[in-house]
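Structure record follows, encoded as structure tokens.
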């Protein structure tokens, strides 16, 4: 009788362990999509912040120099007082920001 009791105890532990693994898997399956959505939303928010920052620096450039920067922003990028770490790129798609030649605002990047 003693060995049969050990088998039931061992199978009970194995069953609890399997249940724990299933529960942890379900929890992880629920969290992964939330994390992915949060990361994508953070990249979109970062892009919007970059656009606002570039537009503000374009206005500053115009106020100081009396001219508008180039649409590819290379002239602003060459002056470290505007973007000391370089002109940012879009965190969503990795593209460079460009100005609309008519509005003098960053074009596109509405994610």
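Whole angstrom only: what separates the Cα centroid of region 14-65 from the Cα centroid of region 83-109?
Each part's Cα centre sits 20 Å from the other's.
Report, in degrees rounded to the nearest 10, the 0 to 90 angle that the Cα long axis of helix 2-65 makes with the longest principal axis of the chain.
So the helix axis and the longest Cα principal axis differ by about 0 degrees.
Compute the distance in nm between two label points, each set 7 Å from the Cα along the Cα-to-Cβ direction, one at residue 96 and one at residue 70.
A separation of 0.8 nm, rounded to one decimal place.
Identify which of the listed values of semi-axes √(5λ) of the Cα gyration tensor in Å was calculated from the structure shown: [x] 42, 16, 11; [y] 60, 12, 9; [z] 71, 17, 9.
Of the listed options [x] 42, 16, 11; [y] 60, 12, 9; [z] 71, 17, 9, [y] comes from this structure.
Taking 8 Å as the Cα distance limit and 6 or more residues as the minimum spacing, I'd like the relative contact order of region 32-111 as a percentage.
Here the relative contact order equals 32 percent.
Mean residue ellipticity at 222 nm from the helices of the chain, using -39,500 (n - 2.57) per DSSP H segment of n ≥ 4 over the full residue count, to the nearest 500 deg cm²/dmol?
That comes out to -22500 deg cm²/dmol.
Every number here is computed from the coordinates shown, using simple stated rules; none is lab data. These numbers come from a predicted model, not from an experiment. Ideal geometry is used to build each Cβ from the backbone, glycine not excepted, and the neighbour counts take in all protein chains shown.
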